[in-house]
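Written out below as structure tokens is the structure these notes cover.
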Amino acid sequence: MNPLGWPGYEEQLGRARERSGGVESVSWRRLPRAVEVAFDFRFLGGSVGTAAGALIEEAFTEARQAWLPVVSKIATGGSRMQEGMLSLRQLQRVARLCAVHREAGLPHVSVLRDPTTGGLWASLGAGADVVVGVSGAQVGFAGSRVRPVDDPAYTAEGQFASGTVDLVVQPRDVDVTVAELLSLLTRGDAVPAEVPRALGARDLPADGWGAVLRARSAQRPRAAAYLDDYFDFRMPISGDRAGGVDPGMLCGIGRRGERAIAFAAQTGTANTPAGFRTAARLIRLASRFALPVVTLVDTPGAANDVAAERSGVGAAIAELFAAVAEARVPITTLVIGEGGSGGALALSSPEHTWITPDAYFSVIAPELAASILKRDDVRRLADDLRLRPQDLVESGVVRGISEG
């Protein structure tokens, strides 16, 4: 009860129990579809000591034995100072529990309530497969009494903007959102996803430059239209967990009929390192839960500015190539627009890639190839690159042309 002999600790615990009606800051219960861990901030600020750590371990053990996901509803100021390092070491205990649960192939969804700060954010919260922030909640490693400034970065919305929270919802929507996520994460069948149908042009381009112009057309259907057409419902997965978000890479899990399918879709922009890392994270998540993956390729290429280089664009693309190569689930790819160099190829399945009639795939954009090769006949060079859909089928780069 008082491992350090902290003066007055027993009385503090007694008052906390009277105030909250619970025996500790953490409780858990088994629901039909998950084991839920809940924090009570009224109990010493939702702080975690040895007894709370034991309750969290009970919950994860029950979930693993019953083969159920875990939902962590967190509201905490962090570790309990009255128990010193014995309290802080609970973070290692929690990290181990999350790792074992992950290795078993079971989902963990965390819900960040107000506040979620300190070590429990940096272990139980941020260590979940999918992180849901409650709108307006304080979220951050530094609590309100120790952080240097009061800034929007220490909120659920701020963490979403920096790529560490997948989605932010209103308090009234938490339970519905979690139920939808659990339904998607537990419905994997590892069966290849159906190729999306083409939404744009039906005829094939007459020449290479014509293929390029059609792919660059503002009127051509983009990723959002394809995702709307393909899925009945979808949930986003956002952020690279390393401080970055790329709106040009849409990732998530969707429902198509009775199936759950993960997706990563480029939106026609030059992707940043954060985009490639988010896609790699999505594919690894899909592999753990046997979710087939659909990728939509549409980018002129990877971002090549100074900011991208400093953020590790080469390493990020390598990470995505590795995630695709190591995937334990089938990946189905459709090129829907520009297929520009390695930034496009990294998101493509090596064996199961299709293309639409208004798309192209090329080792490099014709203009850049002309610059490198010191040629001034860009249109002729586009033909030489053999980048049209029919050229790619003939060469075996893609399996076929998607029909509308």
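The values are calculated or read from the model by the stated rules, or taken from the named source; none is laboratory data. Owing to the predicted nature of the structure, the values given are computational and were not obtained by experimental measurement. Counting neighbours? That spans all protein chains shown, and the Cβs are built from the backbone with ideal geometry, glycine included. Note: accessible area is taken over every heavy atom of the protein model, side chains too, but ligands, DNA and RNA are not part of it. Shrake-Rupley method; radii C 1.70, N 1.55, O 1.52, S 1.80 Å.
Given (1) surrounded by 22 or more Cβ atoms within 10 Å (Cβ to Cβ); (2) in a loop (DSSP other than H, G, I, E, B); (3) touching a residue at least 60 places away in the same chain (Cβ under 8 Å), where does Leu184 come up short, assuming only one miss?
Leu184 satisfies every listed condition except (2).
In the list Glu338, Glu309, Glu319, which residue meets the criterion of being in contact with a strand residue (DSSP E or B) (Cβ under 7 Å, 6 or more places away or on another chain) and charged (D, E, K, R)? Let's see the steps before the verdict.
Working: Glu309 fails: in contact with a strand residue (DSSP E or B) (Cβ under 7 Å, 6 or more places away or on another chain); Glu319 fails: in contact with a strand residue (DSSP E or B) (Cβ under 7 Å, 6 or more places away or on another chain).
Answer to the check: Glu338.
Pick from Glu367, Glu319: which is open to solvent by 10 Å² or more (accessible area, probe 1.4 Å), without any contact (Cβ under 8 Å) to a residue 24 or more places away in the chain, closer than 22 Å to Thr267 by Cβ and in a helix (DSSP H, G or I)? Before you say what the answer is, go through the steps one by one.
On the way: Glu319 fails: without any contact (Cβ under 8 Å) to a residue 24 or more places away in the chain.
Going through Glu367, Glu319 in turn, the sole match is Glu367.
Starting from residues that are more than 17 Å from the chain's Cα centre (by Cα) and among the charged types (D, E, K, R), keep the ones in the stretch 205-241 and report whichever is least open to solvent (accessible area, probe 1.4 Å).
Among residues in the stretch 205-241 that are more than 17 Å from the chain's Cα centre (by Cα) and among the charged types (D, E, K, R), the one least open to solvent (accessible area, probe 1.4 Å) is Arg220.
Suppose we keep only residues that are of a type in the set (Val, Ile, Thr), in contact (Cβ under 8 Å) with a residue 12 or more places away in the chain and surrounded by fewer than 22 Cβ atoms within 10 Å (Cβ to Cβ) within the stretch 169-181. Which one would you say is nearest to Arg259 (Cα to Cα)? Steps first, answer last, please.
Filtering the stretch 169-181 down to residues of a type in the set (Val, Ile, Thr) leaves 169, 174, 176-178.
Filter once more, keeping what is in contact (Cβ under 8 Å) with a residue 12 or more places away in the chain: 169, 174, 177-178.
Those still in the list that are surrounded by fewer than 22 Cβ atoms within 10 Å (Cβ to Cβ) too: 169, 174, 177.
Details: Val169: 24, Val174: 23, Thr177: 18 Å.
The selected residue is Thr177.
Output the qualifying pairs, or none if there are none: Cβ atoms under 8 angstrom, residues six or more apart or on different chains, first residue in the stretch 99-114 and farther than 30 Å from Arg172 by Cβ and assigned to a helix (DSSP H, G or I), second residue open to solvent by 30 Å² or more (accessible area, probe 1.4 Å) and of a type in the set (D, E, K, R).
Val100/Arg64
Filter the stretch 286-300 for residues that are within 21 Å of Tyr226 (Cβ to Cβ) and open to solvent by 10 Å² or more (accessible area, probe 1.4 Å) and give the result. Lay out the reasoning, then the answer.
Within the stretch 286-300, the subset within 21 Å of Tyr226 (Cβ to Cβ) is 286, 291-300.
Residue satisfying the conditions is Pro300 alone.
Which members of the stretch 115-133 meet the condition of being in a strand (DSSP E or B) and more than 17 Å from the chain's Cα centre (by Cα)?
Step one: filter the stretch 115-133 for residues in a strand (DSSP E or B), giving 115-117, 130-133.
Those that are in a strand (DSSP E or B) and more than 17 Å from the chain's Cα centre (by Cα): Pro115, Thr116, Thr117.
Return the residue satisfying two criteria in turn: it lies in the stretch 143-153 and is more than 24 Å from the chain's Cα centre (by Cα) and of a type in the set (A, V, I, L, M, F, W, C), and of such residues it is most open to solvent (accessible area, probe 1.4 Å).
So in the stretch 143-153, the residues more than 24 Å from the chain's Cα centre (by Cα) come out as 143-151.
From what is left, the residues that are of a type in the set (A, V, I, L, M, F, W, C) are 146, 149.
Values: Val146: 114, Val149: 83 Å².
If we take residues in the stretch 143-153 being more than 24 Å from the chain's Cα centre (by Cα) and of a type in the set (A, V, I, L, M, F, W, C), then Val146 is most open to solvent (accessible area, probe 1.4 Å).
Output the number of residues of the stretch 370-391 satisfying the condition of being in a helix (DSSP H, G or I), in contact with a helix residue (DSSP H, G or I) (Cβ under 8 Å, 6 or more places away or on another chain) and surrounded by fewer than 17 Cβ atoms within 10 Å (Cβ to Cβ).
Within the stretch 370-391, residues that are in a helix (DSSP H, G or I), in contact with a helix residue (DSSP H, G or I) (Cβ under 8 Å, 6 or more places away or on another chain) and surrounded by fewer than 17 Cβ atoms within 10 Å (Cβ to Cβ) number 3.
For the stretch 216-265, which residues satisfy the criterion of being part of a helix (DSSP H, G or I), over 21 Å from Leu320 (Cβ atoms) and among the hydroxyl-bearing types (Ser, Thr, Tyr)?
Residue satisfying the conditions is Tyr230 alone.
Could you say whether any residue in the stretch 248-268 is buried (at least 18 other Cβ atoms within 10 Å of the Cβ), polar (S, T, N, Q) and in contact with a Gly (Cβ under 6 Å, 6 or more places away or on another chain)?
So far as the stretch 248-268 goes, yes, one or more of its residues are buried (at least 18 other Cβ atoms within 10 Å of the Cβ), polar (S, T, N, Q) and in contact with a Gly (Cβ under 6 Å, 6 or more places away or on another chain).
Return the pair list, or none, for Cβ contacts closer than 7 Å from residues in the stretch 42-63 that are under 19 Å from Arg29 (Cα atoms) and open to solvent by less than 40 Å² (accessible area, probe 1.4 Å) to residues that are small (Gly, Ala, Ser) and assigned to a helix (DSSP H, G or I), at least 6 apart or on different chains.
Short answer, once both residue conditions are applied: Phe43/Ala16; Phe43/Ser20; Val48/Ser87.
Quick check on the stretch 193-203: of everything there that is at pLDDT 95 or above and crowded, with 16+ Cβ neighbours inside 10 Å, which residue is nearest to the chain's Cα centre (by Cα)?
Ala193
Starting from the stretch 76-95, take each residue that is on the phi > 0 side of the Ramachandran plot and list its partners that are buried (at least 20 other Cβ atoms within 10 Å of the Cβ) and of a type in the set (Phe, Trp, Tyr), counting only C-beta distances under 9 angstrom and pairs at least six apart or across chains.
Partner pairs satisfying both residue conditions: Gly78/Trp121.
List the number of the failed condition for Ala190; all other conditions in (1) closer than 28 Å to Leu97 by Cβ; (2) open to solvent by 40 Å² or more (accessible area, probe 1.4 Å); (3) of a type in the set (A, V, I, L, M); (4) without any contact (Cβ under 8 Å) to a residue 60 or more places away in the chain hold.
Failing condition for Ala190: (4).
Can you tell me which residue within the stretch 329-345, out of those that are open to solvent by 20 Å² or more (accessible area, probe 1.4 Å) and at pLDDT below 95, is farthest from Ala359 (Cα to Cα)?
Checked the stretch 329-345; the qualifying residue farthest from Ala359 (Cα to Cα) is Gly342.
Take the conditions open to solvent by 60 Å² or more (accessible area, probe 1.4 Å), under 27 Å from Arg284 (Cα atoms) and touching a Phe, Trp or Tyr at 6+ places or on another chain (Cβ under 6 Å) and apply them to Ala161. Does it pass?
Numbers: open to solvent by 60 Å² or more (accessible area, probe 1.4 Å): yes; under 27 Å from Arg284 (Cα atoms): yes; touching a Phe, Trp or Tyr at 6+ places or on another chain (Cβ under 6 Å): no.
So Ala161 does not fit the description; no.
Considering Gly163, Gly158, Gly136, which residue is part of a loop (DSSP other than H, G, I, E, B), small (Gly, Ala, Ser), in contact (Cβ under 8 Å) with a residue 12 or more places away in the chain and under 16 Å from Gly244 (Cβ atoms)?
Values: Gly158 fails: part of a loop (DSSP other than H, G, I, E, B); Gly136 fails: under 16 Å from Gly244 (Cβ atoms).
After applying the criteria, what remains is Gly163.
When residues of the stretch 266-304 are filtered for being within 19 Å of Gly163 (Cβ to Cβ) and either assigned to a loop (DSSP other than H, G, I, E, B) or hydrophobic (A, V, I, L, M, F, W, C) (or both), how many remain?
Residues meeting the conditions: 14.
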